[in-house]
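Q: Quick one: this structure, given as structure tokens, is what I'll be asking you about.
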Amino acid sequence: MKRAFCDHCHFPLRTCVCPFLGSLIHNRCKIVILQHPSEVKVAKNTVRLLSLQLSNIEVVQGESEADFSDIRSRLKSQVCALLYPSENAMTLDETRVQQEQPNIETLVVLDGTWKKVHKMLMLNPWLMSLSHVSFANLPENQYHIRKAEQAFSLSTLEATAHFLHLYEQISPAPFYQALAGMIEQQTRHMPDHVKLRYLSDE
């Protein structure tokens, strides 16, 4: 028997996140998510939540340069930046953004494990030619349901929310509300011994 899915959020009905979603958030800077194919069917991936919350977002699945040829050609006419902590990245904080507002029309965000993201970068040298932005300070990781690979790791939702908070002064609260709701729905159906392992890390 196939699982029933919500027509709006497209999560299974038993883990529907609609009660945790607020009004659509209108962001000026377009968010382009390049999502590794291995993330598409992960029940706990946060890109779905972002797609439900932002008015100006595009998600492209792929890994190779050929996979991204269309979006790459469209990005050429825009002022783009890649959210990635490279050595030459401009580090954003509230003071710098207010005093030295960088001009970014489109922010490219890579969605995948660190290993998969590294592979995407190696297969797409054009990404390294973009301007890079990173954060001077990171918010506390709220994504307890999925183990972070690095101490400084943020989920795609958290990283995007933090950027929009700094760049457009958009409150991150609705993003975290949706994330907490998804975590609540997912852990609700876990066996008690598994649930305890996640909750003990908070």
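Computed from the coordinates by the stated procedures, all read-outs in this text should not be read as laboratory data. None of these values were measured; they are calculated from a predicted model. Note that we place each Cβ from the backbone using ideal geometry, even for glycine, and neighbour counts take in every protein chain shown.
Q: Given H placed 1.01 Å from N in the peptide plane, which residues other than close sequence neighbours of residue 92 have an amide H under 5 Å from its amide H?
A: Answer set, sorted by chain and number: 134, 135, 136.
Q: So if the hydrodynamic radius of segment 7-50 is defined as the Kirkwood radius over C-alpha pairs, what does Stokes-Einstein give as its diffusion coefficient at 10 °C and 1.306 mPa s, in µm² per second?
A: In µm²/s, the coefficient rounds to 129.
Q: Between residue 119 and residue 40, what's the calculated FRET efficiency when r is the beta-carbon distance and R0 is 22 Å? Round to 0.05.
A: Calculated transfer efficiency: 0.90.
Q: Another question about this same structure. Between residue 58 and residue 153, how many nm apart are label points set 7 Å from Cα along the C-beta direction?
A: It is 2.9 nm.
Q: Using modelled backbone amide H atoms (1.01 Å from N, in-plane), which distant-in-sequence or interchain residues come within less than 5 Å of residue 79's amide H?
A: For residue 79, the qualifying residues are 105, 106.
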